[in-house]
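Peer 1: For reference, the structure I am asking about is given below.
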């Protein structure tokens with residue numbers, strides 16, 4: 001718990017220092033949209049957070065697909081196992 005608290009404090013400190021040193025006003029031009037002028041640190045932090053959220057979303061979707069395949073495979077294994085048991089009982 002102490003390690004997590006220390007890491008959070010260090011990340012917070014780095015974020016504050018980053019914000020203090022990147023105060024230049026910039027506007028972002030995305031081919032179809034021009035975003036309003038704001039400090040460089042705000043844009044960088046916002047895009048960093050957005051990238052993290054999108055990465056988490058895509059990873060969750062991939063994980064959901066893999067879990068679905070796993071449950072389907074488990075059902076197939078269970079069905080084949082029942083069929084095998086049925087064949088074994090007939091052979092005796």
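Read-outs throughout are calculated quantities, based only on the coordinates presented, and are distinct from any laboratory measurement. Predicted model, so just to flag it, every value in this text is computed and none were measured. Positions of Cβ are backbone-derived with ideal geometry, glycine not excepted, and every protein chain shown enters the neighbour counts.
Peer 1: Would you mind stating whether residue 56 is free of Cβ contacts under 8 Å to residues at least 60 places away in the same chain and touching a helix residue (DSSP H, G or I) at 6+ places or on another chain (Cβ under 7 Å)?
Peer 2: No.
Peer 1: Inspect all residues belonging to segment 23-39 and state whether any of them is on the phi < 0 side of the Ramachandran plot, free of Cβ contacts under 8 Å to residues at least 40 places away in the same chain and assigned to a helix (DSSP H, G or I).
Peer 2: no
Peer 1: Let me ask another. Kindly indicate whether any position in segment 27-43 is in contact with a helix residue (DSSP H, G or I) (Cβ under 7 Å, 6 or more places away or on another chain) and surrounded by 13 or more Cβ atoms within 10 Å (Cβ to Cβ).
Peer 2: So far as segment 27-43 goes, yes, one or more of its residues are in contact with a helix residue (DSSP H, G or I) (Cβ under 7 Å, 6 or more places away or on another chain) and surrounded by 13 or more Cβ atoms within 10 Å (Cβ to Cβ).
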